[in-house]
Structures are given as C-alpha cells and as structure tokens.
Amino acid sequence: MEVLIKSPCSASVIIQYGIKNWPIWEGELSKFSWHYNEKEICLIIEGEASIKTKEGNSYIIKSGDLVEFPKGISCEWQITKKIKKHYRLGN
C-alpha cells in the first residue's frame, strides 16, 4: 500500500472537492502510530510530518500537499512542524 501525494495541490482541485469545507485536525510535535480503517484524503494547510508505513516506505508531507492514505494502511507519524489539515474519511 502506498500513500499518494499531490504536491502542490492546485486551487482548482481544492474548489472541485470543496476541501475548505472539510473538518480540520491539528497536531503538535509528536510521534505516534496510526491505522486507517477507511481511506483518508487530506490537504496539509500548514506544518510538516514524516510518515513511515509498516512496509517501510517513507514520505514527507508538508503545507500545500494533498495526501491520500488508503484503507487498511498502518504507519508511524512524526510531526516535525505543528501540523494543520483539512480531511475527509471514506470514499
């Protein structure tokens, strides 16, 4: 399983999906494990984090990135700059 990153996310995509109306999640500097029980798409508004999947793939996500976590993926987050994101769960 792979994390998909579109960088930077275009304004037309933000408008098309109504991303600015999605809920917001914020995270402080921290390290934690997370399992996605359903697909999540998120737009990183500010901050930065490194993501390492159970399979050993590593990613850096940052402000302006549109990120898709597939259903069933497990990963470890390390937030390196306070992060804020719009997110949507499910299909």
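Of the residues making up region 19-35, at least one is of a type outside the set (Phe, Trp, Tyr), touching a helix residue (DSSP H, G or I) at 6+ places or on another chain (Cβ under 8 Å) and either in contact (Cβ under 8 Å) with a residue 12 or more places away in the chain or within 16 Å of VAL67 (Cβ to Cβ) (or both).
In a strand (DSSP E or B) and not hydroxyl-bearing (Ser, Thr, Tyr): does that describe LYS20? It would help to see each step written out before you state the result.
On the way: in a strand (DSSP E or B): no; not hydroxyl-bearing (Ser, Thr, Tyr): yes.
So LYS20 does not fit the description; no.
From the list LEU43, LEU4, LEU66, exactly one residue is under 22 Å from GLY90 (Cα atoms), surrounded by fewer than 16 Cβ atoms within 10 Å (Cβ to Cβ), within 13 Å of the chain's Cα centre (by Cα) and modelled with pLDDT of 95 or more. Which is it? Steps first, answer last, please.
On the way: LEU43 fails: surrounded by fewer than 16 Cβ atoms within 10 Å (Cβ to Cβ); LEU66 fails: surrounded by fewer than 16 Cβ atoms within 10 Å (Cβ to Cβ).
Answer to the selection: LEU4.
Using the structure shown, decide if CYS9 is surrounded by 12 or more Cβ atoms within 10 Å (Cβ to Cβ), under 13 Å from the mean Cα position of the chain (by Cα) and part of a loop (DSSP other than H, G, I, E, B).
Values: surrounded by 12 or more Cβ atoms within 10 Å (Cβ to Cβ): yes; under 13 Å from the mean Cα position of the chain (by Cα): yes; part of a loop (DSSP other than H, G, I, E, B): yes.
Yes, satisfied.
Being assigned to a strand (DSSP E or B) and surrounded by 15 or more Cβ atoms within 10 Å (Cβ to Cβ) is the filter here, so list the residues in region 53-63 that pass it.
Answer for region 53-63, where residues must be assigned to a strand (DSSP E or B) and surrounded by 15 or more Cβ atoms within 10 Å (Cβ to Cβ): THR53, TYR59, ILE61, LYS62.
Taking region 12-40 as the range and being surrounded by 13 or more Cβ atoms within 10 Å (Cβ to Cβ), over 20 Å from ILE60 (Cβ atoms) and among the charged types (D, E, K, R) as the test, only LYS39 passes. Return the only residue of GLU26, GLU76, GLU2, GLU48 being out of contact with any Asp or Glu (no Cβ under 8 Å at 6 or more places or on another chain), in a loop (DSSP other than H, G, I, E, B) and of a type outside the set (Phe, Trp, Tyr). Criteria check complete, one pass: GLU2.
The values are calculated or read from the model by the stated rules, or taken from the named source; none is laboratory data. This one's a predicted model, so the numbers in the text were calculated from it and none came from an experiment. Cβ atoms come from the backbone with ideal geometry, glycine included; neighbour counts cover every protein chain shown.
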